[in-house]
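The values are calculated or read from the model by the stated rules, or taken from the named source; none is laboratory data. Everything numeric here is computed off the predicted structure, so don't read it as measured data. Cβ sites come from the backbone with ideal geometry, for glycine too, and all protein chains shown count toward neighbours. These area figures cover heavy atoms from the full protein model, side chains too; ligands, DNA and RNA do not enter into them. Shrake-Rupley method; radii C 1.70, N 1.55, O 1.52, S 1.80 Å.
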2 protein chains.
Amino acid sequence: MVSGPENPSPHIPPCAEITGMGWAAPGVASGTAVVCNALSVFPIATPLSYASHRARFMHSVRTSFPRPTCFRHSGSGGNEPDECRQRKRPENQGGNRLIVTEYVQISIETLHTFLSRVFVARGFNAADASFIADTLIDADRRGISSHGVQRLAMYDHKLRHGMIDPNAHATVVSDVKACAVLDGHSGMGQLISRDAMELAISKAQNHGIGIVAVRDSNHFGTAGFYARMAADQGLIGLASTNSNPLTVPTHAGLPALGSNPIAFAVGQGDDQLVYDAATSTVSLGKIEVLVKLGQPIEGDWAVDGQGLINHDSADVMDNIKATPRIGGLTPLGGAGETNAGYKGYGLALMVETFTGILSGGLLSLDMRGQHICHCFAAISLESFGGAPLVGSRVAELSRRLRSMPSVDGHDVLVPGDKENTAFRINTTTVTVDEATFRQLAKIGERTGIAAPPAIALDEYR
Amino acid sequence: MVSGPENPSPHIPPCAEITGMGWAAPGVASGTAVVCNALSVFPIATPLSYASHRARFMHSVRTSFPRPTCFRHSGSGGNEPDECRQRKRPENQGGNRLIVTEYVQISIETLHTFLSRVFVARGFNAADASFIADTLIDADRRGISSHGVQRLAMYDHKLRHGMIDPNAHATVVSDVKACAVLDGHSGMGQLISRDAMELAISKAQNHGIGIVAVRDSNHFGTAGFYARMAADQGLIGLASTNSNPLTVPTHAGLPALGSNPIAFAVGQGDDQLVYDAATSTVSLGKIEVLVKLGQPIEGDWAVDGQGLINHDSADVMDNIKATPRIGGLTPLGGAGETNAGYKGYGLALMVETFTGILSGGLLSLDMRGQHICHCFAAISLESFGGAPLVGSRVAELSRRLRSMPSVDGHDVLVPGDKENTAFRINTTTVTVDEATFRQLAKIGERTGIAAPPAIALDEYR
């Protein structure tokens, strides 16, 4: 379990004392930032692990505090030291010596310019490039770092290797009344999905509802982004996607379904209800983070080839990368039937029907990173009392839920609360971990486009 | 975990030796059936517990074997004796002495006549009474005993106390293109829901999709029934409902959402995919069964008022019946965040939006057994390749999933497989536990309508 910010530990030396542990990101203007790893519990040789560790906690912290102060992680081992760091300018620093952190603040404006230019360099027109940048920054602003700018390296790889066609746009396969199927022709998932949700919204305005299935697309970022497109216009939005095989059906030992998320959004502003979650217990990204940290899995998130819970994060990843894949993620509810894992499996299969099957596209079972299928729906609230009334009832229910007493010190929230809070806070900058910061610099070098610098602490404060 | 049928235990005496433990149901024609409890591990004073126990296992057995033979239950305690019974006609029995079992076979035809007459006696017209009987028997035929004829006592109670109006039919609150809201005026849930789904199907045929929210209805039986109405006509069907507050939001200690099931159906025949499950880890009925058995809860199905997992089934039920309610069911994924219980909570909230909020009706938070809200949707497959193509792709995916090697001896299935198999088997009779059998007899006495007799074993065999 991850706790919220705690008081700074007096045992951690101030940052200036251990500046030698820091690193300088390539491609960043010299002298702009000195990055210091203040946590001596991590060996110098593994800065990435720590960055990932911090990235994992970033979200919960940023939703509580605009500027993270200190963390504590109680791992399953129980014998790990507190990882807590005093985040203040040391008394003995001087001149323009700046303390950034092991994660980095970047200007949204600068980052947007950079991303847009990179995407233009990869073949997109300016408007499309700008939109893709919007979607990535939106995820980072909401604390969904896993689907933010840290995905740029993956998109860049696929663009360079012809797996994503920057010039492809969706074409209509069929279009009957409230329903349609689009073919994405291996285009960029964000563009294909934007067009598909816009069509669903248009259909909802004409017919009351619209549903659009999409085949041969690519990774589309967060499903919630498209659900919110509809909610922002006063409709209900739904979005889902299939993916590579990751989720193991109940009683099996091999993955057969994607993480197959469901996103749902209704209402506006701070009371916008946004549910966006995989139908597996967790997404694969959470396990990837633990591998980087060398930490075991606490929960019942994955099984081995015998269907037994596998707490060894590295082993889980090795198995999922094997050919054929072995074991994988548990469906929501876990392995076996004790805690109703067959429900998560059934929900994943429902998503597979709406995506792979309705679109006439590829099933998760046969997928290897390309030709992904989505489904989007928008529902007009005209027949249901209108958007203001529905929005106010959603907001009222959310308020009643949030006012429930907590039993464990963690506030009772509704889906979207953490992300909405983070979005309000992160108006001018976003936080990226050092691995991502390095990746941006590397892509900047490769494309000849200046990567966004880390913000000087003087500017940041 | 519940295992499949095992070899008969040689330690259990043949049924004829312990006929004295049997009971005769009131209102059943004398001599028709001699019921024998063959399991000496249960005290004579608690036949209901045993019946419930058997009811709990009935489903999994009936889906494997049309005539159950023997069970073994490995409880969490690990020290419970095997509960296994030899189910054959003893050598020393003579004449027309019949062995039924501690659960009873009833003719579907006779049961339908009885139910229809009871519902007519409670104020329904003949056609509506017959339809309600259909829905209950359908559940029993599919092995969903919790939502079958055993619910008659609850419906009868509500009808006698004016909580259900047998003459109320749904009226249209709003109807715009593909969307509508109906008011059920406290009518019978099954009738209101049938009309609502028929409207959704009609809208889907006209617009491509139809979505109908319903307020002020009553318990509607299984959500899957209505989803299948659409699937049987070559559409996708979706159905959901809210309920009394049962599910505890993540980090809270009080229930605020119903068990809020989601049902989804597509395809036809044996390959019809039918998902129908609460968004809580289990439905309350599963805990009620354990209370009757005096058994603890094995899984993480419920929490106490402090949000801690509560394995004491009786305590869970006492808390849920308290005013105000304390603790309750965990959302799918469990308590806290370790195994993503916030996802089940979010899904329950999505269902609450589609039911209580879109209908303008009562929220689970404010519900006390009445004024329940539903939502139904039907989606035409015309734009998605047509019902035959979609059905064949669903069937092909199901076949691939079923062919996956099992890791624990339990077949890999798809949602609906167990129920479809049971439905094929139970063509002329259904099985009810002795408690339900007694309730039918009692209602028969009350209404002056002859309750269905248990079927003689000679007829049954």
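Across peptide B:260-272, the average count of Cβ atoms from other chains found within 10 Å of a residue's Cβ is 2.
For A:Leu257, the amide hydrogen comes within under 5 Å of the amide hydrogens of A:Leu246, A:Thr247, counting only partners 5 or more places away or on other chains and with H modelled in the peptide plane.
What does the buried accessible surface come to for B and A, summed over both chains, with the probe at 1.4 Å? Round to 100 Å². All intermediate terms of the calculation are to be shown ahead of the outcome.
Numbers: alone 19980 and 20000 Å², together 32820 Å².
By this definition, chains B and A bury close to 7200 Å².
At full extension, A:His161 and A:Asp232 could sit 22.0 nm farther apart than now, given 0.36 nm per residue minus the alpha carbon distance. Coupling constants for the range A:289-297 follow from the phi torsions by the Karplus curve (6.51 cos²θ - 1.76 cosθ + 1.60, θ = phi - 60°), and in residue order they are 4, 5, 4, 4, 7, x, 10, x, 8 Hz; glycine and proline get x. With coordinates expressed along the principal axes, the C-alpha atoms belonging to the range A:285-359 extend over 40, 29, 21 Å, beginning with the largest. In this structure the amide hydrogen of B:Leu182, modeled in the peptide plane, comes within under 5 Å of the amide hydrogens of B:Val173, B:Ala213, B:Val214, B:Arg215, none closer than 5 places in sequence on its chain.
Projecting label points 7 angstrom from Cα along Cα→Cβ for B:Glu288 and A:Ala153 puts them 5.5 nm apart.
Taking the mean number of other Cβ atoms within 10 Å as a proxy for protection, how do you rank A:201-210, B:415-424 from highest to lowest? Present the calculation step by step, with values, prior to reporting the outcome.
Values: A:201-210: 23.5, B:415-424: 21.2.
Descending mean neighbour count gives A:201-210, B:415-424.
With the label put 7 angstrom out from Cα along the Cα-to-Cβ vector, A:Asp232 ends up 4.4 nm from the copy partners, going from closest to farthest.
One quarter of the convex hull surface built on the alpha carbon atoms of the range B:203-270 amounts to 6.2 nm², the projected area averaged over directions. For B:His185, the point set 7 Å out from Cα toward Cβ sits 5.6 nm from its twins in the other copies, listed from shortest up.
Working from label points 7 Å from Cα in the Cα-to-Cβ sense, the A:Ala121 to A:Ser202 distance is 3.4 nm. Take each residue in B:280-290, count the other chain C-beta atoms within 10 Å of its C-beta, and the mean is 1.
Can I get the semi-axes of the range A:319-461's equivalent ellipsoid? Compute them from the C-alpha gyration tensor as square roots of 5 times the eigenvalues, in angstrom, largest first. Don't skip to the answer; put the middle values down first.
Numbers: eigenvalues 219, 191, 85 Å².
After diagonalising the Cα gyration tensor, the semi-axes are 33, 31, 21 Å.
Each residue of the range B:447-454 was assigned a 3J(HN,Hα) from its phi angle through the Karplus expression (A = 6.51, B = -1.76, C = 1.60, θ = phi - 60°), giving 9, x, 10, 5, 6, x, x, 5 Hz with x at Gly and Pro.
In the range A:171-384, the DSSP beta bridges split such that about 85 percent are antiparallel, to the nearest 5.
Between copies, the label points of B:Ser130, set 7 Å from Cα on the Cα→Cβ line, lie 6.6 nm apart, reported in increasing order to one decimal in nanometres. When the range B:171-384 is described by a simple charge dipole with +1 on each Lys and Arg Cβ and -1 on each Asp and Glu Cβ, the residue from B:His374, B:Ala278, B:Gly328 located farthest towards its positive end is B:His374. How big is D for the range A:240-314, in µm² s⁻¹ as a whole number, if Stokes-Einstein is applied with the Kirkwood radius of its Cα pairs at 37 °C and 0.692 mPa s? It comes out at roughly 238 µm²/s. Using only Cα coordinates, the Kirkwood hydrodynamic radius of the range B:171-384 works out to 17.4 Å. Counting only other chain Cβ atoms within 10 Å of each residue's Cβ, the peptide A:295-303 averages 2. Working from label points 7 Å from Cα in the Cα-to-Cβ sense, the A:Arg446 to A:Arg399 distance is 5.0 nm.
If you wrap a convex hull around the C-alpha atoms of the range B:142-217 and split its volume per residue, what is the figure in Å³?
Working: hull volume 6.8 nm³, N = 76.
For the range B:142-217, the hull spanned by Cα atoms encloses 90 Å³ per residue.
Based only on the alpha carbon positions, what is the Kirkwood hydrodynamic radius of the range A:390-441, in angstrom?
About 13.8 Å for the range A:390-441.
Pop out a list of residues from the range A:178-203 that are at least 50 Å² less accessible with all the protein chains around than in their chain alone; 1.4 Å probe, no ligands or nucleic acids counted. Output list: A:Cys179.
Here the Karplus relation 6.51 cos²θ - 1.76 cosθ + 1.60, evaluated at θ = phi - 60°, turns the backbone of the range B:196-213 into coupling constants of 5, 5, 4, 5, 4, 5, 4, 5, 5, 5, 8, 10, x, 9, x, 9, 10, 9 Hz, with x for every Gly and Pro. Note on the range A:365-383 and the range B:383-399: Cα centroid distance 17 Å, given to the nearest whole angstrom.
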